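A.B. asks: Can you read through this structure? Questions will come right after.
Just so you know, all these numbers are worked out from the coordinates, no wet-lab data involved. Since this is a predicted model, take the numbers as computed values, not measurements. Backbone-built Cβ (ideal geometry, glycine too); neighbour counts: all protein chains shown.
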Amino acid sequence: MQPFFQRLAAVVFMLALALLGCQQQDTPRQQAPASDDSRETVPPDEGTIVAMGNSLTAGLGVAEEQAYPAQLEALLRSNGYRFRVVNAGISGETSSGALSRTKWTLTLKPDIVILETGANDGLRGVSPDVIRQNISAIVQQFQQQNIVVILAGMRMVQNLGDTYTMAFANVYQTIAQTPGLIFMPFFLDGVGGNPDLNQADGIHPTAEGYRRIVARLYPYVKTAIEQMRHNRRMAP
């Protein structure tokens, strides 16, 4: 009888191994991760905004994430606007310099351009007529490519004399009449001249200063986005 019990024990052992194997194969299938099809996909960006300007746009003296383009992108995304904001600011640039790199800016494929330029011209006493011609040409080149333009107005310090400061201010007021242009009257509104919101040089905003600029700029950007969407709907 012993061989019979040995064979029986062997059969039971094999059945136990087979059952264990089935359980080991079932476990991974029960814990398998969801298929890629069930994962939530992140929608692509809706467009690109290029912030073009001088050191006030570049964010001289503050960290990159504190400059206004980065703060603007964060604010837009927090409110559901999927836009990339490119910082295309160059410290020390005049309106002539901005005009000379307009074609390069077009390579960034912007849907919206925020144009902040002219302050360095004013500090150097450049003729307001030259400033107006440069900015007008920049706006025209962008609009010809169906790019929505937000022009940020600037003001000049009073110590240059009333005649010049008034002529300088009129540059932006005149260009503001351009059809389709979105005009922010003064880029540094509420920030310029406030020592608590500017760095030691009294010219360039602090991170908090830029936050306030972005808060005032934001409604103009929303208008530009709606204009961009309208243009897309009307495109053939």
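A.B. asks: Six or more apart or on different chains, Cβ atoms under 8 Å: show the pairs whose first residue is in the stretch 146-170 and of a type in the set (Gly, Ala, Ser) and whose second is in a strand (DSSP E or B).
C.D. replies: The qualifying pairs are Ala152/Gly53; Ala152/Ile114; Ala152/Leu115; Ala152/Glu116; Ala152/Met184; Gly153/Phe183; Gly153/Met184.
Listed here are the residues, each with its yes/no results for (1) closer than 25 Å to Ala67 by Cα; (2) basic (Lys, Arg); (3) touching a Phe, Trp or Tyr at 6+ places or on another chain (Cβ under 9 Å); (4) without any contact (Cβ under 8 Å) to a residue 24 or more places away in the chain.
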{"residue": "Thr174", "(1), (2), (3), (4)": "no, no, no, no"}
{"residue": "Ile182", "(1), (2), (3), (4)": "yes, no, yes, no"}
{"residue": "Gly190", "(1), (2), (3), (4)": "yes, no, no, no"}
{"residue": "Gly193", "(1), (2), (3), (4)": "yes, no, no, yes"}
{"residue": "His204", "(1), (2), (3), (4)": "yes, no, no, no"}
